[in-house]
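Following: one structure in structure tokens, then a few remarks.
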Amino acid sequence: MNILLHQCCGPCSIYPVITMQAQGHNITTYFFNHNIHPVQEYYKRMEGAVLVSRHYNIKCIVEDYYGLVEFLRQNVYHENERCKYCYERRLLKTAEKAKELRMDAFSSSLLYSKMQNHEVIKETAEKAAKKYNIPFYYYDFREGWQNGIDISKELEIYRQNYCGCIYSEEDRFLSQLSKKYAKKYEEINEYYESIK
Ligand code: SF4
């Protein structure tokens with residue numbers, strides 16, 4: 001089958017690409033991720049995704065859309081429900097693109113991540129498939145979690161350390177850094193007190 005694979009980033013797409021190629025499918029990757037912030041991170045991940053596609057000789061379509069403003073407007077006052085919207089926007093866009101390109105099906109590297117809500121992704125993709133009348137290729141790529149990590153390190157593909165949106169960056173780093181800097185301020189204050 002000709003499958004359009006939504007590529008959330010380089011590392012997550014490695015195992016899905018290897019698996020689908022081994023099954024004899026013809027893959028085209030599609031980078032559309034309005035949820036990655038800030039700008040420098042967005043381009044690092046885009047570059048990683050393109051490098052993976054090139055490495056596996058895959059045609060890669062990049063929708064270069066930095067969507068911070070849209071993302072914030074859509075999630076304001078209900079930030080804790082943002083993931084559902086985030087999946088929906090990207091998967092609907094992928095299904096629409098797959099239809100436009102006359103693909104046989106679409107899929108997503110989001111199905112590889114152990115950090116994402118797999119069931120919500122699957123349900124959302126099924127709804128997108130119905131809306132655009134195009135099959136959704138489902139596979140539980142989480143089985144290749146370690147394999148994908150190992151290959152991404154061998155290929156030296158940029159590996160991110162938070163999910164993508166600025167809220168997830170805060171979740172990942174705020175408490176850790178605030179403790180670290182509180183300790184530093186304490187040490188500096190203690191030092192100046194000691195030399196008074
Ligand atoms: S935490 Fe991740 S999946 Fe959820 S909204 Fe942010 S980028 Fe999207």
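The values are calculated or read from the model by the stated rules, or taken from the named source; none is laboratory data. Here the structure is a predicted model, which means the values were calculated and not measured. As a convention, Cβ positions derive from the backbone with ideal geometry for all residues, glycine included, and neighbour counts pool all protein chains shown.
If I ask for residues that are part of a helix (DSSP H, G or I) and either touching a strand residue (DSSP E or B) at 6+ places or on another chain (Cβ under 8 Å) or more than 16 Å from the ligand (Cβ to nearest atom) (or both), which ones from segment 44-67 would you list?
MET46, GLU47, ALA49, VAL50, LEU51, VAL52, SER53, ARG54, HIS55
For segment 154-168, what are the residues that are under 17 Å from the mean Cα position of the chain (by Cα) and away from the ligand (no atom under 13 Å from the Cβ)?
Correct list: ILE157, TYR158, ARG159.
Under the condition of being in contact (Cβ under 8 Å) with a residue 40 or more places away in the chain and within 16 Å of the ligand (Cβ to nearest atom), which residue from segment 21-37 is nearest to ALA105 (Cα to Cα)?
PHE32
Filter segment 45-54 down to the residues that are over 14 Å from the mean Cα position of the chain (by Cα) and farther than 10 Å from ILE14 by Cα and list them by number.
LEU51, ARG54
Being at pLDDT 95 or above and either under 21 Å from LEU51 (Cβ atoms) or crowded, with 19+ Cβ neighbours inside 10 Å (or both): is that true of ASN133 here?
no
Do the conditions hold for GLU70, that is, is it within 14 Å of the ligand (Cβ to nearest atom) and surrounded by fewer than 16 Cβ atoms within 10 Å (Cβ to Cβ)?
Yes.
Among ILE149, ILE157, which is the only one that is aliphatic (A, V, I, L, M) and crowded, with 17+ Cβ neighbours inside 10 Å?
Checking each option against the conditions leaves just ILE157.
Which numbered condition in (1) within 16 Å of the ligand (Cβ to nearest atom); (2) among the aromatic types (Phe, Trp, Tyr); (3) modelled with pLDDT under 95 is the only one that TYR181 fails?
Every listed condition holds for TYR181 apart from (1).
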